[in-house]
Each structure stands twice: as structure tokens, then as C-alpha cells.
Amino acid sequence: MDDIKLEQIKQKALEEKIPIIMDDTLEYLDSLFLGKNINKILEIGTATRIFFYMFLKIFVRQWEN
């Protein structure tokens, strides 16, 4: 998923008043998991899957290195 599509999902969620994870939280989690060998994530109760897409980007970045 590219960043443009992710932004569209986030904007639609905000317009429809669907709670989503905040950008600063995503950035924190990204830095927290960077360089770690993560192979499993349990995601509970997310309507838009933004959290999942962010972790997918981390996994892809790890596999490429």
C-alpha cells in the first residue's frame, strides 16, 4: 500500500469520525520496532487497518535489508 492510499484511508476515517491511531504514535512504534526481528503482530479492534499497513511497511523494509 502506498502512502497516498494510506492518507486517503486516514482522511475518510477522520471524516466519518472513526477513531484511528495518531501519526505520532505510528512514528513512535516505527522507531521502536526498527531493527528488531519482528515476525508476528496481533492487531485487535482496528476499523481501518492503518496499524497493519504501517507494520507491513516495516516488514517489507526488514526483508529488503
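The values are calculated or read from the model by the stated rules, or taken from the named source; none is laboratory data. Since the model is a prediction, treat every value here as computed from it, not as a measurement. Neighbour counts are summed over all protein chains in view; Cβ atoms, including those assigned to glycine, are modelled from backbone coordinates with ideal geometry.
Which of the residues that make up the range 28-46 are over 17 Å from residue 62 (Cβ atoms) and not polar (S, T, N, Q)?
Of everything in the range 28-46, those that are over 17 Å from residue 62 (Cβ atoms) and not polar (S, T, N, Q) turn out to be 28, 42, 43, 44, 45.
Regarding residue 58, is this residue surrounded by 11 or more Cβ atoms within 10 Å (Cβ to Cβ) and not small (Gly, Ala, Ser)?
yes
Restricting to the range 1-39, what's the tally of residues that are over 14 Å from the mean Cα position of the chain (by Cα) and among the charged types (D, E, K, R)?
Number of matching residues: 5.
Just give me the residues in the range 1-19 being assigned to a loop (DSSP other than H, G, I, E, B), within 19 Å of residue 59 (Cα to Cα) and not hydrophobic (A, V, I, L, M, F, W, C), in sequence order. First the steps, then the outcome.
Going residue by residue through the range 1-19, those that are assigned to a loop (DSSP other than H, G, I, E, B) are 1-2, 16-19.
If we keep only those that are within 19 Å of residue 59 (Cα to Cα) too, we end up with 1-2.
Passing the criteria: only 2.
Give the residues of the range 20-49 that are aliphatic (A, V, I, L, M), in contact with a helix residue (DSSP H, G or I) (Cβ under 6 Å, 6 or more places away or on another chain) and assigned to a helix (DSSP H, G or I), sorted by residue number.
Across the range 20-49, the qualifying residue is only 26.
In the range 15-35, which residues are aliphatic (A, V, I, L, M) and surrounded by 12 or more Cβ atoms within 10 Å (Cβ to Cβ)?
Once the filter is applied, which keeps residues that are aliphatic (A, V, I, L, M) and surrounded by 12 or more Cβ atoms within 10 Å (Cβ to Cβ), the range 15-35 yields 18, 20, 21, 26, 29.
Would you confirm whether any residue within the range 36-52 is surrounded by fewer than 13 Cβ atoms within 10 Å (Cβ to Cβ), at pLDDT 80 or above, out of contact with any strand residue (DSSP E or B) (no Cβ under 6 Å at 6 or more places or on another chain) and among the hydrophobic types (A, V, I, L, M, F, W, C)?
no
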